[in-house]
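*Asks:* My questions all concern the structure below.
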Amino acid sequence: TLCFYVLYLYFPFDSVLFHPIVYLGRKLLLLYRVNRNVTGMNPISWEEFFSSNLAPKDLDCKKKSIELFCKKFSSSKTNVVLVTSGGTTVPLEHNTVRFVDNFSAGTRGSASAEYFLKAGYAVIFMHRHKSLEPFTRHFTGDEILDCLLIAEKDTIEVASMKVPKLLPVLKERREALDSGRLLMVPFTHLTEYLWLLRVSSEAMGALGSRAMLYLAAAVSDFYIPTDQMPEHKMQSSGSPPAISLHLVPKILRPLVAEWVPNAFVVSFKLETDPNLLVKKSQEALKNYKHKLVIANELHSRKSKVILVTSENHREIVMTKEELDAGLEIEHHIISELLSLHSLFISSN
Ligand code: 9Z3
């Protein structure tokens, strides 16, 4: 192991062509570290994570649709944004009965996707299955059913009453779908999300500075390694099972440095202690070298965010009048991002 460790450190090329012994050494060491469940303060590397958490079965199919979507807009002048939305789950058993979930209704992501579409962007909406989605988020199921009337001979008619907010939303949705500028990509689990984020970033690489990543999903910081997860539902009788949560590698690092280095990357920082917002956002920018962190406190996230860059930070605060009029903070956020992204494109 010591010998392979030395080779591993001094020969970072992961190619069997470079040196078969090195290649073998790295693979054996990787297997050794993963199976030893390297835990503690330093999470395993993102390579080790992807090596020990296999891709979801339907990844290839989703990857192809994402690649085709990006290819469709690679020659045009249309900007493409990946919007992630909703929370990731971490299963506690292979035959999952219980899981650890991250809080997110999907309002931030689904509302933002609408404003990007309205601004002419093509949108990959990567969202937690059954969380809020663009357009349909405005209506409950009952509101939609209340627009349908049972007419004679068991036919259905649409009520002529004008649901004031229905028509504009229907028009925007129709335009987005007819122009093919909206791609819906669902996820549920953390591993699925990270694999999808990786293949989406790699597919967007060809778009250069016209690509934006708007990472609003609530991503778990912890997971249970596959080989430590109980096979079946944990039993409440007897002593509770010993399961340990491991740190998830910080995926922003390879995302910015390797997968999509020329894109405009925006991450979100969620805290419940407002005093931590700017400091932790600045740390993230320093660590991952992306363009912007949108910081928000859990309970005021609909009325206030802080835009943090490596140079400065400033607040967007909704007025009472705006909130009472039903305006959304995402309108202001996206308006700011359009300007910043336009400047970024013109300077690259
Ligand atoms: C956010 O901070 C989003 O703004 C919210 C939106 C999840 C608060 P809703 O979906 O809520 O409108 O109900 N997203 C990022 C949250 C997160 O997990 N950030 C991680 C962190 O803060 C980095 S990925 O460390």
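The values are calculated or read from the model by the stated rules, or taken from the named source; none is laboratory data. Since this is a predicted model, take the numbers as computed values, not measurements. Neighbour counts are summed over all protein chains in view; Cβ atoms, including those assigned to glycine, are modelled from backbone coordinates with ideal geometry. Keep in mind that these areas ignore ligands, DNA and RNA; they rest on the heavy atoms of the full protein, side chains included. Shrake-Rupley method; radii C 1.70, N 1.55, O 1.52, S 1.80 Å.
*Asks:* Out of the residues in the stretch 182-203 that are polar (S, T, N, Q) and touching a helix residue (DSSP H, G or I) at 6+ places or on another chain (Cβ under 7 Å), state the one that is surrounded by the most Cβ atoms within 10 Å (Cβ to Cβ).
*Replies:* Step one: filter the stretch 182-203 for residues polar (S, T, N, Q), giving 188, 191, 200-201.
Keeping just the survivors that are touching a helix residue (DSSP H, G or I) at 6+ places or on another chain (Cβ under 7 Å) gives 200-201.
Numbers: Ser200: 27, Ser201: 23.
The extreme case among them is Ser200.
*Asks:* Further question on the same structure: Just checking, which of Ser220, Ser281, Ser200 is part of a loop (DSSP other than H, G, I, E, B) and touching a strand residue (DSSP E or B) at 6+ places or on another chain (Cβ under 8 Å)?
*Replies:* Only one candidate passes the filter, namely Ser220.
*Asks:* On to the next question. Can you tell me which of Val169, Val123 is in a strand (DSSP E or B), assigned by TED's automatic domain parsing to the domain that holds Leu245 and more than 30 Å from Thr226 (Cβ to Cβ)?
*Replies:* Result: Val123 is the single residue among Val169, Val123 that is in a strand (DSSP E or B), assigned by TED's automatic domain parsing to the domain that holds Leu245 and more than 30 Å from Thr226 (Cβ to Cβ).
This table checks each residue for (1) surrounded by 13 or more Cβ atoms within 10 Å (Cβ to Cβ); (2) touching a helix residue (DSSP H, G or I) at 6+ places or on another chain (Cβ under 9 Å).
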| site | (1), (2) |
| --- | --- |
| Pro274 | yes, yes |
| Glu283 | yes, no |
| Lys302 | yes, yes |
| Val305 | yes, yes |
| Lys320 | no, no |
| Ala325 | no, no |
| His341 | yes, yes |
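*Asks:* Of the residues Ala218, Ala211, Ala206, Ala263, which single one is open to solvent by 60 Å² or more (accessible area, probe 1.4 Å) and of a type in the set (A, V, I, L, M, F, W, C)?
*Replies:* Ala206
*Asks:* Kindly check whether there is at least one residue in the stretch 329-339 that is under 23 Å from Thr272 (Cα atoms), assigned by TED's automatic domain parsing to the domain that holds Leu207 and open to solvent by 40 Å² or more (accessible area, probe 1.4 Å).
*Replies:* yes
*Asks:* Still on this structure, please answer the following. Identify all residues within the stretch 283-335 that are within 11 Å of the ligand (Cβ to nearest atom), touching a Lys or Arg at 6+ places or on another chain (Cβ under 7 Å) and under 17 Å from Val265 (Cβ atoms); write none if there are none.
*Replies:* Ala284, Tyr288, Val293, Ala295
*Asks:* Next question, about the same structure. Test each condition in (1) away from the ligand (no atom under 12 Å from the Cβ); (2) on the phi < 0 side of the Ramachandran plot; (3) out of contact with any His (no Cβ under 9 Å at 6 or more places or on another chain) for Val278 and report the one that comes out false.
*Replies:* Failing condition for Val278: (3).
*Asks:* In contact with a strand residue (DSSP E or B) (Cβ under 8 Å, 6 or more places away or on another chain), assigned by TED's automatic domain parsing to the domain that holds Glu328, more than 16 Å from the ligand (Cβ to nearest atom) and part of a helix (DSSP H, G or I) - does that describe any residue in the stretch 173-185?
*Replies:* Taking every residue of the stretch 173-185 in turn, at least one turns out to be in contact with a strand residue (DSSP E or B) (Cβ under 8 Å, 6 or more places away or on another chain), assigned by TED's automatic domain parsing to the domain that holds Glu328, more than 16 Å from the ligand (Cβ to nearest atom) and part of a helix (DSSP H, G or I).
*Asks:* Also, I was wondering about something else. Please find, among Leu59, Leu54, Leu30, the residue that is under 29 Å from the mean Cα position of the chain (by Cα), at pLDDT 95 or above and closer than 27 Å to Asp227 by Cβ.
*Replies:* Details: Leu54 fails: at pLDDT 95 or above; Leu30 fails: at pLDDT 95 or above.
Residue meeting the stated conditions: Leu59.
*Asks:* Being of a type in the set (Asp, Glu) and open to solvent by less than 30 Å² (accessible area, probe 1.4 Å) is the filter; apply it to the stretch 89-118 and report the residue that is nearest to the ligand (Cβ to nearest atom).
*Replies:* Per the criteria, the residue is Glu114.
*Asks:* Quick one: which of Ser239, Ser220, Ser244 is under 14 Å from the mean Cα position of the chain (by Cα) and of a type in the set (S, T, N, Q)?
*Replies:* Answer to the selection: Ser220.
*Asks:* How about the stretch 227-260: which of its residues are open to solvent by less than 100 Å² (accessible area, probe 1.4 Å) and polar (S, T, N, Q)?
*Replies:* Of everything in the stretch 227-260, those that are open to solvent by less than 100 Å² (accessible area, probe 1.4 Å) and polar (S, T, N, Q) turn out to be Gln228, Ser237, Ser239, Ser244.
*Asks:* Going through the stretch 65-88 one residue at a time, which ones are within 16 Å of the ligand (Cβ to nearest atom), of a type in the set (Ser, Thr, Tyr) and either farther than 18 Å from Lys269 by Cα or not in a strand (DSSP E or B) (or both)?
*Replies:* Thr88, the sole residue that qualifies.
*Asks:* Select, from Ala105, Ala113, the only residue that is outside any loop (DSSP other than H, G, I, E, B), assigned by TED's automatic domain parsing to the domain that holds Ser335 and either modelled with pLDDT of 95 or more or more than 17 Å from the chain's Cα centre (by Cα) (or both).
*Replies:* Going through Ala105, Ala113 in turn, the sole match is Ala113.
*Asks:* Is it true that some residue in the stretch 147-157 is among the small types (Gly, Ala, Ser), within 16 Å of the ligand (Cβ to nearest atom) and outside any helix (DSSP H, G or I)?
*Replies:* Checked against the condition, which is being among the small types (Gly, Ala, Ser), within 16 Å of the ligand (Cβ to nearest atom) and outside any helix (DSSP H, G or I), the stretch 147-157 yields no hits at all.
*Asks:* Could you please tell me which pairs satisfy a Cβ distance under 7 Å, a separation of 6+ or placement on different chains, a first residue in the stretch 236-262 that is within 30 Å of Leu207 (Cβ to Cβ) and assigned by TED's automatic domain parsing to the domain that holds Phe99, and a second residue that is open to solvent by 90 Å² or more (accessible area, probe 1.4 Å) and assigned to a loop (DSSP other than H, G, I, E, B)?
*Replies:* Close Cβ pairs satisfying both conditions: Val256/Lys289; Asn262/Asn348.
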